[in-house]
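Below you will find the structure I want to go over with you.
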Amino acid sequence: MSETLPEEPTPLSESEIVAARRAKLKRFRDELGFEPYGQREDGLVALADARARFSEEAHVAYESAAKEAKAAAAAGGAVAPVADGRAQVKIAGRVVQHRDMGKLVFLFLRDATGDLQVSVSKSAVSAQAFELAKHADYGDILVAEGPIGRTNKGEVCVWASAVSLGAKSLAAPPEKWHGLSDPELRYRRRYVDMYANPETAKVFAMRARIISRIRRFMDARGYLEVETPVLQPIAGGAAARPFTTHHNALDMQLFMRIAPELYLKRCLVGGMRKVYEINRNYRNEGIDRSHNPEFTAMEVYEAFGDYGTMMELTESLIHDLAVSMVEERRAAGLRVEEKGPNGGPVLPWGDLAIDYAKPFVRVKFEDLFRRGAGCEMRDFKAVRAKARELGLHHEAKLDDWLVVNEVFEECAEPLIDPCRPTFVTDYPSAVSPLTRPHRDDPTLCGRWDIFIGGMEVGPAYTELNDPDIQLAKFTEQLKGADDEESTFRTLDEDFIEALRVGMPPAGGLGIGIDRLVMLLTDSASIRDVILFPLLRSMSAGGGAGAEHGE
RNA sequence: GAUUGCGUAGCUCAGUCGGUAGAGCAGCGGCCUUUUAAGCCGUAGGUCCUGGGUUCGAGUCCCAGCGCAAUCACCA
């Protein structure tokens, strides 16, 4: 048998598990007469709702009536129909447990609202339906109907009178007890993660409610939601590297937006007083626990407001969201912290218990600097000495204020209590080049950053609306651009023109929605709150690079 | 980009000093009408991430690569 076998054009051979499932699919269809991919079903009840319709009285009444009828029949009496006061339901869900007891099969179905047992007795359903239930696989989607009762052991269940297929699953299921725990597989096969790990689905349901509440909050305060371009000829509004793309018909290079800012400000020029956008931004930067190349932010601009207006807005919004999350946790029976020393709402985030009590902590950049560095930030000599002491060797090459900024990040930011949302206010103008300086002290500007749990959740600004100053600052920024930067950084002359038309003074705000959702849902990674985070593309077998070379 | 750790059956994981590749779940064939990770009997399932090296012999040691994670850097 050592002669070379003919080279077979091997189609990817499916695993035995998949082959077995295909065989079952065929059998269900050909022998049992079930359509393996289902059909429209009206009147389906969510599993949680079906469970809620269980009535102990109806169950007990039915059981005793059935027992009497059986006894009467055994004694040769007339067989009267048994009164059944139990709620009848039709449900659908994915099989996540399957116990075959011979002539009785217990299945657990799962949908987005939870799990519910279906008990299939050989005596209560057609022979075909019983075979289907007996040979159903983990991952199959089943439709069942019958009364809501419970088992002798007390498990609420649907006592099936009919069972059919919603969809045959051909994929090997994850481990039934541990679920899918490999983070890579959870992200790559999110559709499996979502049913195998109910916590995952819950996080995304919470995310949806959070964003919905944000909209209601903003709408109630009279902000108008607008949509601005993702495809932009000039990527402005932030200092990030953009993704590039191309429009064929116009033969035009385009950038994916890195921020909506410059368009939202045009809206203010046009006369909108209060606008917001919940938007996706795309930044061609690194990936880590708090960065995904595409992420959701909310930006807000309010004419005749300033960074203080935005502070009140942000504080109320985040506080209200935290209150509703505490209510959600309580309703879900999760642990809810007692009110903290500041009066809570308190939400867990990893090992932390974050207290969202109003007012949030407010601290001036300058004061926090003094506490952390032990010197005045304007005493550049002392600041530089501190920088050297911290081992910031490139200190000599930097401008005074950049050294201030580095020293601040090194020894002042760590002083911020991660368990209290904290506004750091009045940054030096020199490290916030596009922000409007204070009139009474131009070395400082109208900017704050909010930190929660050690993460920067967002900044706000008193926006610059003087077109000449804006132009000068843009131009200066362009001069400082390196070779790579200058390939995508261009002066947005139309934006300057818009400012010349006249933009009212304004407050502007940006909040990282993903990070906020992380905090509110106790998620450690941004990838846990983004359904389909960007992953490296799969190379078959994991070693394609070595095989094919480049 | 740097450092560290991990990569073994569909999934979750063991694998000792370098000496013939293991378990549980899932699968397949049986038994069972009250299970709660059901149980019992039987059975099948492997590119030990990829490539190279050391060795009589590599899942194990060494080198390179790929992927993931953590930390750091980057990220108005």
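Could you tell me whether the range A:218-240 includes any residue that is of a type in the set (Gly, Ala, Ser), buried (at least 16 other Cβ atoms within 10 Å of the Cβ), part of a helix (DSSP H, G or I) and within 16 Å of RNA strand B (Cβ to nearest atom)?
no
Within the bounds of the range A:312-325, is there any residue that is among the small types (Gly, Ala, Ser), in a loop (DSSP other than H, G, I, E, B) and either away from RNA strand B (no atom under 15 Å from the Cβ) or under 20 Å from A:ASP514 (Cβ atoms) (or both)?
The answer is no, given that none of the residues of the range A:312-325 is among the small types (Gly, Ala, Ser), in a loop (DSSP other than H, G, I, E, B) and either away from RNA strand B (no atom under 15 Å from the Cβ) or under 20 Å from A:ASP514 (Cβ atoms) (or both).
Within the range A:526-538, how many residues are crowded, with 16+ Cβ neighbours inside 10 Å and in a loop (DSSP other than H, G, I, E, B)?
So the answer is 3.
Results for (1) under 34 Å from the mean Cα position of the chain (by Cα); (2) within 22 Å of A:ARG40 (Cβ to Cβ), shown as yes or no for each residue.
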residue: A:LEU104; (1), (2): no, no
residue: A:ARG110; (1), (2): yes, yes
residue: A:LEU116; (1), (2): yes, yes
residue: A:TRP159; (1), (2): no, no
residue: A:LEU165; (1), (2): yes, yes
residue: A:ASP182; (1), (2): yes, no
residue: A:ARG188; (1), (2): yes, no
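Of all helices (runs of 4 or more DSSP H) completely enclosed by the range A:436-512, which ones contain at least 2 residues that are of a type in the set (Lys, Arg) and at pLDDT below 90?
In the range A:436-512, A:467-479 are the helices (runs of 4 or more DSSP H) which contain 2 or more residues that are of a type in the set (Lys, Arg) and at pLDDT below 90.
Every residue in the range A:267-285 that is of a type in the set (Lys, Arg) and within 14 Å of RNA strand B (Cβ to nearest atom), please.
Within the range A:267-285, A:ARG283 is the sole residue that qualifies.
So in the range A:141-189, with the set limited to residues that are in contact with a Gly (Cβ under 8 Å, 6 or more places away or on another chain) and part of a loop (DSSP other than H, G, I, E, B), which one is farthest from RNA strand B (Cβ to nearest atom)?
Top of the filtered list is A:SER161.
In the range A:286-309, which residue that is closer than 19 Å to A:LEU434 by Cβ and surrounded by fewer than 19 Cβ atoms within 10 Å (Cβ to Cβ) is farthest from RNA strand B (Cβ to nearest atom)?
A:GLY308
Quick one: in the range A:262-283, of everything that is assigned to a strand (DSSP E or B) and not aliphatic (A, V, I, L, M), which residue is surrounded by the fewest Cβ atoms within 10 Å (Cβ to Cβ)?
A:ARG280
Quick check on my filter: what residues within the range A:372-388 are over 10 Å from A:VAL407 (Cα atoms) and within 42 Å of the chain's Cα centre (by Cα)?
A:GLY374, A:CYS375, A:GLU376, A:ARG378
Let me ask you something else. Taking A:ASP441 and the conditions (1) acidic (Asp, Glu); (2) closer than 18 Å to A:TRP401 by Cβ; (3) in contact with a strand residue (DSSP E or B) (Cβ under 6 Å, 6 or more places away or on another chain), which numbered condition does it fall short on, given that it satisfies the others?
(3)
Which one is nearest to RNA strand B (Cβ to nearest atom), of the residues in the range A:437-458 that are without any contact (Cβ under 8 Å) to a residue 60 or more places away in the chain and under 22 Å from A:ALA498 (Cβ atoms)?
A:CYS445
Evaluate the range A:330-344: report whether one residue or more is assigned to a loop (DSSP other than H, G, I, E, B) and within 16 Å of RNA strand B (Cβ to nearest atom).
No; the residues of the range A:330-344 include none that is assigned to a loop (DSSP other than H, G, I, E, B) and within 16 Å of RNA strand B (Cβ to nearest atom).
Looking at the range A:137-151, can you tell me whether even one residue there is closer than 30 Å to A:TYR301 by Cα and either touching a residue at least 12 places away in the same chain (Cβ under 8 Å) or hydrophobic (A, V, I, L, M, F, W, C) (or both)?
Checking the range A:137-151: not a single residue is closer than 30 Å to A:TYR301 by Cα and either touching a residue at least 12 places away in the same chain (Cβ under 8 Å) or hydrophobic (A, V, I, L, M, F, W, C) (or both).
For A:VAL336, only one of the following conditions fails: (1) free of Cβ contacts under 8 Å to residues at least 60 places away in the same chain; (2) surrounded by fewer than 17 Cβ atoms within 10 Å (Cβ to Cβ); (3) not basic (Lys, Arg). What is its number?
Among (1) free of Cβ contacts under 8 Å to residues at least 60 places away in the same chain; (2) surrounded by fewer than 17 Cβ atoms within 10 Å (Cβ to Cβ); (3) not basic (Lys, Arg), A:VAL336 violates only (2).
The values are calculated or read from the model by the stated rules, or taken from the named source; none is laboratory data. Note that this is a predicted model, so its numbers are computed, not measured. Note that each Cβ is placed from the backbone with ideal geometry, even for glycine, and that neighbours are counted across all protein chains shown.
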